[in-house]
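Visitor: Input: one structure, supplied below.
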Amino acid sequence: MALTITGFDADGRITPKGVNVVIPPEGAGIGDLVYKQTSVFSNAAYNTPAYFKVIGRGTANATVLTINSVSYTLYGAIYGFVAGMAMVIAPAEKGGARWCSSDSSSLGPTHSRGPIMRNGKSHSYVQMNTSRNAGYITGGSSQPSDGLLTSAYQATSLTESNFLTSANAETLSRFGSWKEYIRQTLRVNGAPGTPFGMTSTGVKVHEFGRWMGKQAYAAGLSSYPAFQSCYNHNEGGGIWWLPSMFELGELMIDEHLDKVNQNSASIFATIDKGSSRWSCCRRSTATAWYYADYGMSNYIDFSYTLAVRPVTLLKLVN
């Protein structure tokens, strides 16, 4: 597994050139793939750093690799880091599923208030993927007055040319371009604790998805199809879960998504920014929050079938 250094990326990490490049776990970055020893692939008892290898993003050429005479199977891709752990997403969608098999549910707490944007405002329509949100714009005459629109949906009535010619001087000076304007003001606040923050249960935001999976298991997984496919993924038993809005927010950041999608689609299914996918967060007795295909957060009835992709947290370094 030869490694040729070709430079440094925007994160200051060396850029490797080669095939199946093994990255030291302490040097792992967003977009890198994680492989687990094949012999213990579906065993939760072996989810410790010693049984995993990190392969540089875009260099892996197979779902099963032999490294130092040991077989490893693709486990997932790193899309973020939190609390000293890698945030890992499964290599493929689990298909479409309903959030709940019935039209009402009291599973977990409700989050009636929308996510918080970087400008401090809360709304149902919060920008989660800048390029998708910008590309969804249909044109119109609305214009910002101070760079603080109250929702990302309002941005869909703007065009970049309208923004550059119509925005006030202060806004233009502060942001310079349309995409920077919506990225810096309307994007979901991805800091730990947001969106939605601590629940009434006291569960930390990066642990909420796993906690909700356990609630679904206790209530009967067959009643929660989107949760069920995640709960049973790989090792089963809730090692993987339906992502929270915090996790979807980290995943859909443009630079995170772009790096994850640098991996070959033949071994890691591309994450489509134009595909709607469920979160595990309930909004009411009949609706749940999701990433909408126009690049924003929103909520929708349980009766809809949306994409599902399991996520987990993984400690790579002892």
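The values are calculated or read from the model by the stated rules, or taken from the named source; none is laboratory data. Computed from a predicted model, the values in this text were never measured in an experiment. A quick note on method: Cβ atoms are made from the backbone with ideal geometry, for glycine too, and the neighbour counts reach across all protein chains shown.
Visitor: When you scan the stretch 223-262, how many residues do you find that are polar (S, T, N, Q), outside any helix (DSSP H, G or I) and more than 17 Å from the chain's Cα centre (by Cα)? Steps first, answer last, please.
Guide: Within the stretch 223-262, the subset polar (S, T, N, Q) is 223, 228-229, 232, 234, 244, 261-262.
If we keep only those that are outside any helix (DSSP H, G or I) as well, we get 232, 234, 244, 261-262.
Adding the requirement that they be more than 17 Å from the chain's Cα centre (by Cα) leaves 232, 234.
Residues that pass the stated criteria total 2.
Visitor: Looking only at the stretch 80-125, how many residues end up being hydrophobic (A, V, I, L, M, F, W, C) and not in a loop (DSSP other than H, G, I, E, B)?
Guide: To start, the set of residues in the stretch 80-125 that are hydrophobic (A, V, I, L, M, F, W, C) comprises 81-83, 85-90, 92, 97, 99-100, 107, 116-117.
In the following step, the residues that additionally are not in a loop (DSSP other than H, G, I, E, B) were identified as 81-82, 85-89, 97, 116-117.
Residues that pass the stated criteria total 10.
Visitor: Could I ask something else about it? Only one of G274, G295 is modelled with pLDDT under 95 and either under 23 Å from R113 (Cα atoms) or in contact with a Gly (Cβ under 7 Å, 6 or more places away or on another chain) (or both); which?
Guide: Details: G274 fails: either under 23 Å from R113 (Cα atoms) or in contact with a Gly (Cβ under 7 Å, 6 or more places away or on another chain) (or both).
Only one candidate passes the filter, namely G295.
Visitor: Scanning for something under 28 Å from S102 (Cβ atoms) and either in contact with a Lys or Arg (Cβ under 8 Å, 6 or more places away or on another chain) or crowded, with 22+ Cβ neighbours inside 10 Å (or both), does the stretch 256-272 turn up at least one residue?
Guide: No: zero hits.
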